[in-house]
Amino acid sequence: MSTPKPVKVSALCELCHGRKAVMKRPKNLQKLCKECFYHVFETEIHNTIVANSLFAPGDRVAIGASGGKDSTVLASILKTLNERYNYGVELVLLSIDEGIKGYRDDSLATVKRNQVQYDMPLEIVSYKDLYSWTMDEIVSCAGIRSSCTYCGVLRRQALDRGAAKLGINHVVTGHNADDMAETVLMNLLRGDVARLGKSCEISTQSEGSPFKRTKPFKYTYQKEIVLYAHYKKLDYFSTECTYAPEAFRGTARELLKALEAIRPSCIMDIIYSGEQFCVAPKPKRATPKYKNAKKIQNGDNDNEQEINGDGSVSLKKKLESATDGHRCEKCGYLTMNRICKACVLLAGLEASRPKVTIDNNVAVDGAAKLSKTLEQLSF
Amino acid sequence: MEGKAVITYYEGFDVVCSRCKTEPATVCARLDSYCTPCFVRFIRGKQRKLMKGEQFKAKHASKQSLGEPQKVLLAFSGGVSSVVLFDVLASNLEEQMANKGTRGQQGFELIVVNLDETIVKSIDKKVRSIIKDLISLYPTVSIQYLILPLHAFVADKSSLAKLSLTSEFGVKLQDIDTAAAAATTFESLLLTVSSKSAVEDLLAVVQSQLLLQTAYQEKCQTLVMGHNTTRLANEIISLTVKGRGGIIHKDIADHKEHFKDTQIEILYPLRGVLQAEIDAYAKLTGLDVHVAKYTEIKSRVNKNLTVNDLSTQYFRTLDLLGYGNTASTVLKSGEKLGEPRGTAISHCRMCGEDIRLPPRTWLNNITTNEGVPLETEEELRNLEAFNREYPSISNGVQDNSAAAGVGVVDVCYGCTLSLQAAKPTLVWPVRHNEKDIINEYVLTDNEEDEV
Ligand SMILES: [Zn+2]
Ligand SMILES: [Zn+2]
Ligand SMILES: [Zn+2]
Ligand SMILES: [Zn+2]
């Protein structure tokens, strides 16, 4: 056998000019070798962590782990960077069992393997234990249309409650640049003014809340996460959630895909725009609206009444008391309102829970069990 | 409104107009039935409301000599919204002329300006004849018009310079020799831009500059644009996608723009009207025969759609899917935006917009551009081969900019993106930087001491 033919100059990596390029970088279409790709991918995430002071030595950090590619790569890379740069943080895997047959069972098995592969402790909290509802039960009761709304609200709380159980107040999630860009567009499309100015925050924490959420993948392209997992042969679960995103979000996702095809930088460009969004200050009363909460106009704004999801009518507290740092009267979770969003949604579900279940005594009074379970969790 | 079309037309005469309660309704919009005259009045009402200020009113004979005459410049592309806005404004003047108290007086002078874009877009009609036809529909009022070629953008040859992007997202400015400047045409300027989205983005900068300049030269205090709700929503999404989200708050608002020594008010009288309603207005009034159809930006390079194309398509799809009210929601979102946080540290030398978050710093913070050191002999041999073939790139990339009389200048994120598509350089009328002028001509205390 003769010596291998030298690599054509035009086929060399655009950064090191010495190794053969094996891929095009989705972010800027640079042709790179595997080594340089690992290097830029990892270094960019490290730079993001440092520039935003996401971690301090001694921090205990929970990784929201779903078994999917984003959170699997997150666990892998945080372990790598923690060791390489001596962050001095303790990493823990935190998984939510939403109770989705077929989807979650398999993905949890992946997380359990990751626990061994990355040598990290694992905590699993389930919707069933927390809320006495599985996602499958919620969908069969409320319909598939609003599944993402329920899941989004419940998962957020579940992660906080799981972290509380572990005595941890910092959860990192695998939200990537594509998710950020999609959020920016969705907030515009939905007219979500409250979130418009916060679309791109890398770190979120309600005032007075002990829980911090951060997104080290804020500037990381989804496609690069896929490529990294592929080349590193990471063990992840690649099936999408059985409950596909609601139709409207789906249209925004399609638009983003089409835009990325004509201009790969558009994901960064949208994030740059989002970072400049700032809602014009306007002295205005905050009137939170929920789908199942209807306002009654009685002419006197200070005594405005509101029907809650559970049908009860409450006098709305004056604005001063309804700011961040208020606790849900039902479960104690931090909320802007009297009752937190999860409790409102759950109360709505309880009202329409099929009689069969109650008769079967499977879940005796879900609401009672919910408050009981939540009391047991310390904050 | 989910599942409902924005506009439906009535075929027979069985529904009565819900406004006048006498005439048969021809169209259903916003859940109300209208006869054609009532629908036309409804749409015209939007403009009458926005331009109800004293300055647009016809003055009583006793007050006529007071002050400068109010002049309004209408940006006219020949597209359906601009045709409808022409009709709305001309009818306003016609009513003023017929009014008893101020008989024979127009509240404002109307000047129609068309930026002739035929060198970059194909159009199926002559805009000049469209304007003439439309003016002839209103014989009692006096309306001026002018057609401006895009070449006007490069008329000031002394301001032309060559701009190019460095590998570190910096923008280099190089002088251009007088002969090359003299030979620069608008077409030659766009020839170096290889992406349709970038051409589209630069064109928008050119349009707004030329419109303001025309308003200034014609002494118009007000510039009115035909943008409807859907078009403004499209603008909000497109600006966001093009990294220009920081200017949405003023770009889509009725606002005053500084220009040289004056301020020009920019108004969007049709902001409250959906595209489908504009189409209905043109169809019901028969104005649709005057509407020009543009085809895409001419391009030698590719058949790709542009950012605006995709956004337009998206809103059309949403209409079909029954999310027809999304455009209004997006416009409301955009109207809630204010000035971005932080102070402007400089202005873009290409478009003049404020720069708060320098694109160069931002992009370099999130992009790593260094490779992994080479190890094997084979890799090192490859590098040698590379160096032989591309000596300029391999020489550490650091070009001696300062030595070559090349300056690094501030350019906003959106313009940086468009510049990325210009190879090797883009010739552009560069704006003067106040700071440069101050640095060059103002003597500081130290310098005075030295002297
Ligand atoms: Zn390389
Ligand atoms: Zn609660
Ligand atoms: Zn009528
Ligand atoms: Zn600019």
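Short version: ³J(HN,Hα) in whole Hz for each residue of region A:151-167, in order, from phi by Karplus 6.51 cos²θ - 1.76 cosθ + 1.60 (θ = phi - 60°), x for Gly and Pro, what are they?
Ordered by residue, 3J(HN,Hα) equals 4, x, 5, 5, 5, 4, 5, 4, 5, 4, 5, x, 4, 4, 4, 8, x Hz.
Would you tell me the mean number of C-beta atoms belonging to other protein chains that fall within 10 Å of each C-beta in B:331-344, as a whole number?
Taking the mean over all residues of the peptide, I get 5.
Rg/Rh for region A:156-234: what does it come to with C-alpha atoms and Rh from Kirkwood?
1.04
In whole Å, what are the Cα extents of region B:221-355 along the three principal axes, biggest one first?
47, 38, 31
Quick one: Debye curve from the C-alpha atoms of region A:103-186, no solvent, what's log10 I(q)/I(0) at q = 0.17, 0.21 Å⁻¹?
Relative scattering, expressed as log10 I(q)/I(0), comes to -0.94, -1.26.
Work out which residues of region A:17-42 lose at minimum 50 square angstrom of accessible surface when the other protein chains are put back, relative to the chain isolated, with a 1.4 angstrom probe, and list them by number.
Buried by the other chains: A:17, A:18, A:19, A:39.
Counting only Cα, what are the radius of gyration and maximum Cα-Cα distance Dmax of region B:203-293, in Å?
14.8, 43
Size of chain B along its principal axes in angstrom, Cα-based, largest extent first?
Result, largest extent first: 91, 60, 41 Å.
List the residues, sorted by chain then number, that are 5 or more residues from residue B:116 or on another chain and whose placed amide H is less than 5 Å from its amide H.
Amide H neighbours of residue B:116, under 5 Å, 5+ apart: B:148, B:150.
At a probe radius of 1.4 Å, figure out the B/A buried accessible area, summed over both chains, and give it in Å² to the nearest 100.
Working: alone 24920 and 20270 Å², together 40310 Å².
By this definition, chains B and A bury close to 4900 Å².
What is the gain in length, in nm to one decimal, between residue B:30 and residue B:408 on full extension, counting 0.36 nm per residue of separation less the C-alpha to C-alpha distance?
130.8 nm
Express the accessible area of region A:34-276 per residue in Å², computed with a 1.4 Å probe while the remaining protein chains stay in the model.
On the way: 9140 Å² over 243 residues.
Each residue of region A:34-276 exposes 38 Å² on average to a 1.4 Å probe.
Mind checking the log10 I(q)/I(0) for region A:34-276 at q = 0.08, 0.09, 0.10, 0.11 Å⁻¹? Debye, one equal scatterer per Cα, no solvent, two decimals.
-0.30, -0.38, -0.47, -0.58
Along Cα→Cβ, 7 Å out, is where each label goes; now give me the distance between the ones at residue B:157 and residue A:235 in nm to one decimal.
7.3 nm
Given region A:41-170, report the % of alpha carbon pairs whose separation exceeds 19 Å. Walk me through the numbers on the way to the answer.
Numbers: 4419 of 8385 pairs.
Across region A:41-170, Cα pairs with separations above 19 Å total 53 percent.
Would you mind giving the mean number of other chain beta-carbons within 10 Å of the Cβ of each residue in B:308-315, as a whole number?
3
Considering lysine pairs in region A:157-260 that are 8 or more places apart or on different chains, how many have Cα atoms under 22 Å apart?
Taking region A:157-260 as the scope, the lysine pair count is 13.
Using the structure shown, select from B:121/B:196; B:71/B:256; A:31/B:172 the pairs with a Cα to Cα distance greater than 18 angstrom.
Violating the 18 Å Cα-Cα cut-off are A:31/B:172.
Between residue A:9 and residue B:94, how high is the FRET efficiency from 1/(1 + (r/R0)^6) when r is the Cβ-Cβ distance and R₀ = 51 Å? Nearest 0.05.
That gives a FRET efficiency of 0.10.
Between residue B:187 and residue A:79, what is the label-to-label distance in nm when each label sits 7 Å out along the Cα-to-Cβ direction?
Each label point is offset 7 Å from its Cα along the Cβ direction, giving 6.3 nm.
Can you give the helix-only mean residue ellipticity at 222 nm for chain B, where every DSSP H stretch with n ≥ 4 adds -39500 (n - 2.57) and the sum goes over all residues, rounded to the nearest 500 deg cm²/dmol?
When only DSSP H runs of four or more count, the value is -12000 deg cm²/dmol.
Computed over the Cα atoms of region B:132-225, what is the convex hull's projected area averaged over all directions, in nm²?
Taking the Cα atoms of region B:132-225, their convex hull projects to 9.0 nm² on average.
The values are calculated or read from the model by the stated rules, or taken from the named source; none is laboratory data. Keep in mind it's a predicted model, so treat the numbers as computed, not measured. Cβ coordinates were reconstructed from backbone atoms using ideal geometry, including for glycine residues, and neighbour counts include every protein chain displayed. These accessible areas exclude ligands, DNA and RNA; they are computed on the full protein's heavy atoms, side chains included. Shrake-Rupley method; radii C 1.70, N 1.55, O 1.52, S 1.80 Å.
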